[in-house]
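Student: Structure in structure tokens, see below.
The values are calculated or read from the model by the stated rules, or taken from the named source; none is laboratory data. A quick note: this is a predicted structure, and the numbers were derived from the prediction, not measured. Here the Cβ positions follow ideal geometry from the backbone for every residue, glycine too, while neighbour counts run over all protein chains shown. These area figures cover heavy atoms from the full protein model, side chains too; ligands, DNA and RNA do not enter into them. Shrake-Rupley method; radii C 1.70, N 1.55, O 1.52, S 1.80 Å.
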Amino acid sequence: MKIARFSRIGFILAAAGSAVGLGNIWKFPYITGENGGGAFVFVYLITVLMIGFTLMIAEMLIGYVGRRDSVSNFEELAPRHKNLWKYGGFMSIAGLIIMTFYSPVIGWTFHFVLLSLGSLPASVEVAKEHFTTLLSLDIGTQIFYHTLVFLFVTTVVARGIKGGIEKLNFFLMPVLIVTMGSMFVYATTLSGFTQSWDFMFGVDWSKLTSASLVTAVGHAFFTLSLGMATILTYSASLPKDSNLVRSSLIVIALDTGIALVAGLTLFTFLYEYGASPSAGPGLVFISLPAVFSEMGVAGHFFAFTFFVALASAGLTSAVSLVEPFIQYLVDRFKFSRLKASVASGLFFYIFGIVAILSTSKEYGEILTFGSKNFFDWADFITASVMLPIGGLIMAIFVGHVMQEERVASVLKRDLGFFYPYWYFSLRYIVPIALFVVVLNLVGVLNL
Ligand code: PHE
């Protein structure tokens, strides 16, 4: 099956569009806030550099050499036990599970874009009330926006890699970079900026628990879109003469840069107006709107800009979350793109409604299992469990299963002198680190 190719810049924008998402602007600041700041940021940055970079190159390689959907690539590139290894490709299902909570959250950002044009909540209390009502009572509004996200994402992916995904990223990535960039420049002029800097980069190890460690490593995977075949699927459409190392570096630099910029900007605004950084998932939907409201007219402008940036970041990631499974349906079952897009879309649409119901007052209890509701489970199971395991599978696959000549033929070209270091890190350091994380997870879960 021939797949339409990305242009080189189109690939970088699409991969960066996938990486930079709600994870950077919504999740990173609030988990940093909840986990005490500096030490957590430090672990996250180390993971991105030591594990993320090595693995991104490996994931790109599987797509670039295999050039098909994730399941076929694993099957094709395994010299033995093809029937077993092909199951590695099923990690793409994690994308659809992520979409069950990702799509409702993009829906909230649509709601806040509209709100910023009207009246913003005047205080943190009012904002809290507003957000709690949206989540616990206003099921209709949430389903309405979730439906819009479903229709939008399905339409874009149905148009294919070039006509849909590449075009969307060409349009939305500049919007995102300009909006976040200008808010950051403004934030640096405020006095809260120094406090924000100290919070993000002042390392206090006593604040790091083993649960925060798992969260930091899990987040490094989530934010780089690793471990669930997104990067693999996109790189199956890379032009033949692309440089995998350069592409990985650009994507990682953009992703990390935007996360740090978003964190610094948000915490500056919060400190400037006396709000707390540890407000949890409601940070950007409760504390921030209240802060914007205090800024007066300019606040409406900032609120609009911020939520447009957040929605753009979310949408470019959303298409990349469903694409791997679509590619699988098209390649293996000869589904038309339209049919594959609708089938994958319906999956996250239906379970997304379950996620929405699980945060509501009326259905919350029956949709809570143990310590978490459906929404939080979908987040935890994917970001903290499935993606690190997916990463472990890919590291073992490229490092120990694929024939070294195939790996070396591409990566000696792109890595040059660094090739042996990268290969060593992939074979030993990354699997051991991931194994420890997975073991740690067992402890966190109290199994
Ligand atoms: N990286 C995206 C974010 O930070 C989420 C994502 C995860 C997208 C995995 C694709 C694959 O929001």
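Student: Provide the packing ranking of 298-307, 318-327, 29-38, 66-75, i.e. peptides ordered by the mean count of other C-beta atoms within 10 Å per residue, highest first.
Tutor: The peptides rank, most packed first, as 318-327, 66-75, 29-38, 298-307.
Student: Sorted by mean Cβ packing within 10 Å, highest first, what order do the peptides 6-16, 229-239 take?
Tutor: Answer by packing, highest mean first, reads 229-239, 6-16.
Student: Let me have the relative contact order for the chain, percent, based on Cα pairs under 8 Å that are six or more residues apart.
Tutor: 35
Student: Quick check for the stretch 8-441: number of Lys pairs with alpha-carbon distance under 17 Å, counting only pairs 8 or more apart or on different chains?
Tutor: 4
Student: Once the whole set of protein chains is in place, how much accessible area is left on Ser409, using a 1.4 Å probe, in Å² to the nearest 10?
Tutor: Accessible surface of Ser409 is approximately 80 Å².
Student: What are the extents of the Cα atoms of the stretch 78-212 along their three principal axes, in Å, largest first?
Tutor: Here the Cα extents, ordered largest to smallest, are 60, 43, 34 Å.
Student: Pairwise over distinct Cα atoms, reciprocal of the mean inverse distance: report the Kirkwood radius of the stretch 298-394 in Å, one decimal place.
Tutor: Value: 16.1 Å, from the Cα pair sum.
Student: Please state the charge dipole magnitude for the chain, taken about the Cα centre, from unit charges on C-beta atoms (+1 on K and R, -1 on D and E), reported in debye and rounded to the nearest 20.
Tutor: Taking the Cα centre of the chain as origin, the dipole is about 1740 debye.
Student: Rounded, prolate or oblate, given the Cα gyration tensor of the stretch 1-147, with a/c below 1.5 counting as rounded?
Tutor: prolate
Student: Per residue, how big is the convex hull of the chain when only Cα atoms are used? Give it in Å³.
Tutor: 135
Student: Which shape class, rounded, prolate or oblate, goes with the stretch 190-264 when its Cα gyration tensor gives a ≥ b ≥ c as root eigenvalues, a/c under 1.5 marks rounded, and past that a/b bigger than b/c marks prolate?
Tutor: Here the stretch 190-264 falls in the oblate category.
Student: So, one more: Normalised by the residues of the stretch 322-423, what does the relative contact order come to in percent, with Cα pairs under 8 Å and at least six apart?
Tutor: In percent, rounded to a whole number, it is 12.
Student: Right, next: Rank-order 49-56, 432-439, 308-315 by packing density, defined as the average count of other C-beta atoms within 10 Å over each peptide's residues, highest first.
Tutor: Averaged packing, sorted descending, gives the order 308-315, 49-56, 432-439.
Student: Restricting to DSSP H runs of at least four residues, report the calculated mean residue ellipticity at 222 nm for the chain, -39500 (n - 2.57) per run over all residues, nearest 500 deg cm²/dmol.
Tutor: -22500 deg cm²/dmol
Student: How big is the C-alpha Rg of the stretch 32-76 next to the rule-of-thumb value 2.2 N^0.38 Å, as a ratio?
Tutor: Working it through for the stretch 32-76, the quotient is 1.70.
Student: Can you compute the equivalent ellipsoid semi-axes for the stretch 212-323, i.e. the square root of 5 times each eigenvalue of the Cα gyration tensor, sorted largest first and rounded to whole Å?
Tutor: Working from the Cα gyration tensor, I get semi-axes of 32, 16, 13 Å.
Student: Express in whole angstrom the spacing between the alpha-carbon centres of the stretch 373-447 and the stretch 297-364.
Tutor: 26
Student: A further question follows. Using Cα centres only, tell me the gap between the stretch 135-154 and the stretch 198-274 in whole Å.
Tutor: For the stretch 135-154 versus the stretch 198-274, the Cα centre distance is 27 Å.
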